[in-house]
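Below is one structure, written out as structure tokens, with a few remarks after it.
The values are calculated or read from the model by the stated rules, or taken from the named source; none is laboratory data. The model shown is predicted, which means the values in this text are computed figures rather than measured ones. Heads up, the Cβs are rebuilt from the backbone with ideal geometry, glycines too, and the neighbour counts pull from every protein chain shown. These area figures cover heavy atoms from the full protein model, side chains too; ligands, DNA and RNA do not enter into them. Shrake-Rupley method; radii C 1.70, N 1.55, O 1.52, S 1.80 Å.
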Amino acid sequence: MKILALDSTAEVCTAALCDDKRLIAEITINTGNTHSETLLPAVEQLLKMSGETVDDVDVFACSTGPGSFTGVRIGVATVKGLAYGKNKSCVSVSTLEALAYNLRGFSGIICPVMNARRSQVYNALFECRDGSLVRLCPDRALSIEKLDSSLADNALPIYLCGDGYDITADGFKKTKCQDVPHRLRLQSAYSVAMCALEKYASGDTLSDTELVPIYLRPSQAERERQERLSAEK
């Protein structure tokens, strides 16, 4: 079963093509370029080099959030466009769960963190047990200080990953974290594909029209509009 997976929720843009668990090809771009300019060309190049076409894909998957509002929308819109009218399954994957999958071979608490601005991170906690991830809490947005306090007394090794790695590690005052190789801190479309494969096996799929972005809080524009309306009242 061919799976095409994408992630454009943070600075990294990544696409992968898999045959079940086997990685066929993966492209990761970390140049700071706009994902609207790089994601679709990356997919086209990926398929061309693999000798496949969009019609050969059985399942379309992408990280649907949390993350950059624009980045999340670009990834979702790209998958919806590729899958449109093909009557193929789509799978929505949590960005944080896919990040945690990068470290599934580690033993301890996996703590993906994404920079949510305003001294906050998007976060979820997972425990890695015998190579499998067990979710400990839902995806959330919280302050680095609060996350630090919640982890301070944990006896298990703690591993950070995600684009909030540096600001979180620097902001922690009570929690000691283990070092994680830089490549494993970044989004990986292969991890998105593997999370999608598990969800597909359990029947957790969507149509192209049902696939939507998932935001944990309002965008800046929405917040400013609400503040303006409240001030006018």
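Counting every Cα pair in segment 93-169, what percent are over 19 Å apart?
26 percent
Once segment 118-158 is represented by equal point scatterers at the alpha-carbon sites, with solvent omitted, what log10 I(q)/I(0) does the Debye formula produce at q = 0.14, 0.18, 0.31 Å⁻¹?
Cα-only, vacuum Debye calculation for segment 118-158: -0.36, -0.57, -1.15.
Report ARG140's accessible area, 1.4 Å probe, all protein chains in place, as a number in Å² to the nearest 10.
It works out to around 70 Å².
Would you mind telling me which residue in THR34, THR64, THR95 has the biggest mean-square fluctuation in a Gaussian network model of the chain, where springs connect alpha carbons within a distance under 10 angstrom?
THR34
Which value in deg cm²/dmol, rounded to the nearest 500, describes the helix-derived mean residue ellipticity at 222 nm for the chain, given -39,500 (n - 2.57) per DSSP H run of n ≥ 4 and division by the residue count?
-10500 deg cm²/dmol
Label ASP179 and SER132 with points 7 Å out from Cα along Cα→Cβ: what is the distance between them in nm?
3.2 nm
Taking the alpha carbon gyration tensor of segment 134-176, what are the square roots of 5 times its eigenvalues, largest first, to the nearest whole Å?
For segment 134-176, the semi-axes come out at 15, 14, 11 Å.
Need one number: nm distance between label points at ALA152 and ASP56, each 7 Å from Cα along Cα→Cβ, rounded to one decimal.
Inter-label distance under the simple model: 5.5 nm.
Give LYS146/LYS176; LYS80/LYS199; LYS2/LYS86; LYS174/LYS199; LYS21/LYS176 a once-over and call out the pairs whose C-alpha atoms are over 24 Å from each other.
Result: LYS174/LYS199; LYS21/LYS176 exceed 24 Å.
Could you tell me what fraction of 2.2 N^0.38 Å the Cα radius of gyration of segment 1-139 comes to, as a two-decimal ratio?
Against the compact-globule rule of thumb, the ratio is 1.07.
Please identify the DSSP H helices in the chain that span no less than 20 Å along the helix axis (Cα) and have a mean Kyte-Doolittle hydropathy of 1.0 or more.
Those that clear 20 Å and a mean of 1.0 are 69-83.
Per residue, what volume in Å³ does the convex hull of the Cα atoms of segment 124-209 enclose?
Each residue corresponds to 135 Å³ of Cα convex hull volume.
Pop out the carbon and sulfur fraction of the accessible area of segment 31-100 as a percent, whole number, probe 1.4 Å.
Exposed carbon and sulfur together represent 48 percent of the surface.
Just name one of TYR122, GLY75, ILE109: the one whose Cα is farthest towards the positive end of the charge dipole of segment 69-126 (beta-carbon charges, Lys/Arg +1, Asp/Glu -1).
GLY75
Enter the mean projected area of the convex hull around the alpha-carbon atoms of the chain, in nm², rounded to one decimal.
That works out to 14.0 nm², a quarter of the Cα hull's surface.
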